[in-house]
1. Would you mind putting 98-106, 262-270 in packing order, based on average other-beta-carbon counts within 10 Å, highest first?
2. With an 8 Å Cα cut-off and a minimum separation of 6 or more residues, compute the relative contact order for the chain in percent.
3. Quick test of your reading: applying the under-4.7 Å Cβ rule, which cysteines of the chain are isolated?
4. By counting other Cβ atoms within 10 Å of each Cβ, how are Phe45, Phe126 ranked from fewest to most?
5. Quick check: Cα centre of region 287-306 to Cα centre of region 31-56, how many Å?
6. Order by neighbour count: Tyr60, Tyr277, fewest other Cβ atoms within 10 Å first, most last.
7. Run the dipole for the chain about the Cα centre, Lys and Arg Cβ at +1, Asp and Glu Cβ at -1, nothing else charged, and hand back the magnitude in debye, nearest 20.
8. I want the local charge near Ser220. Using Cβ-Cβ distances under 13 Å, sum +1 for each Lys or Arg and -1 for each Asp or Glu among the other residues.
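Coordinate-derived values only; no laboratory data. Just so it is clear, the model here is predicted, and its values are computed rather than measured. Heads up, the Cβs are rebuilt from the backbone with ideal geometry, glycines too, and the neighbour counts pull from every protein chain shown.
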Amino acid sequence: MDKSNINVVEDKYTPKKQKNLVLSGMIENLVSESMYELIVDCNTFMMMASDKNMEHKKLYKNNACKNRFCPICAWRKAGKDALKLSIMMKHLKSEQDKQLIFATFTTPNVKADELNDEIRHLNQSFQRLMQRKQVRETIQGYARKIEVTYNQERDDYNPHIHALFVVDKGYFNNPKKYMPRDRWLELWKSCTKDERITQVHVQKVREDNNSRAYEVAKYSAKDEDYLISEEVFKVFYKALKGKRLIVFSGLFKEASQKYEDGELDHLKEESTIDYVYLLMYQWGNGKYAEIEKRLLDDEEKEEVNGGKIEDMEVE
Ligand SMILES: [Zn+2]
């Protein structure tokens, strides 16, 4: 993607740091004092590497809180997770000769006090679905992600699961294996034991469609949802805290291990940007100030340049 028209510090980091401060006000009474301090302090200092024309900048060093609700840290993690998923998808398709299906499973919206139980119900229903004979014989692995959205008008919550399924290449042309959308819907209704459900979203992942990787990798909750009010934040916090959000199984689990072991590095793209400057920023008075600009020294240059691209652009 062409990054030349955006100023990554002003357009990306500044609004996310502003939201991080909204978060810190809401989370203060829910976390330890040291965690609170890490969150308030998150990304108050950052070093960027830049090319000669200041067109491409990438984060070199910063102080990060790593809290899953932090708008800065969640964004950075989503970028890394999205790249990982897209590389695993490439590996499964081109090196294991598989096809992928993207699916979304949801249940009717619930009020705040029912959200925890509903997430448990959703997870159990998904497990039941995966154990159905027809599904077990067809799906060779999955990556799935829990996501919760908030509807402000109705003041209710919708937990749902995005999943990528691995199937044989011939799946779509094999009448014995192929499961049309109506069959998925029928099974989902039976596994949730909820007759009110009228929809299941299922589609084939087209060649090199990274938007599906993004859908599974992105945040489990949008900050514009959970930062609406302290009350809403508390609901999200209790529902998502400590839960495993992305889960890999079968061939996706194997691919994840290969990715972590560096065995899929050959599928990553090589960075071609020549970074020459080091820019230092400090946060204060609601914005980032550039406090130093100098040439990278030889050691830094070697560390920053070359190598593989390790993340993907996400919103
Ligand atoms: Zn953070």
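1. Working: 98-106: 19.9, 262-270: 12.8.
Packing proxy ranking, top to bottom: 98-106, 262-270.
2. Numbers: 490 pairs, mean separation 82.1, N = 315.
Once normalised by length, the contact order is 26 percent.
3. Cys with no partner Cβ under 4.7 Å: Cys191.
4. Lowest to highest Cβ neighbour count: Phe45, Phe126.
5. Spelled out, the Cα-based centre of one part sits 14 Å from the other.
6. Numbers: Tyr60 18, Tyr277 15.
With the fewest neighbours first, Tyr60, Tyr277 line up as Tyr277, Tyr60.
7. 1500
8. Residues close to Ser220 contribute a combined charge of +4.
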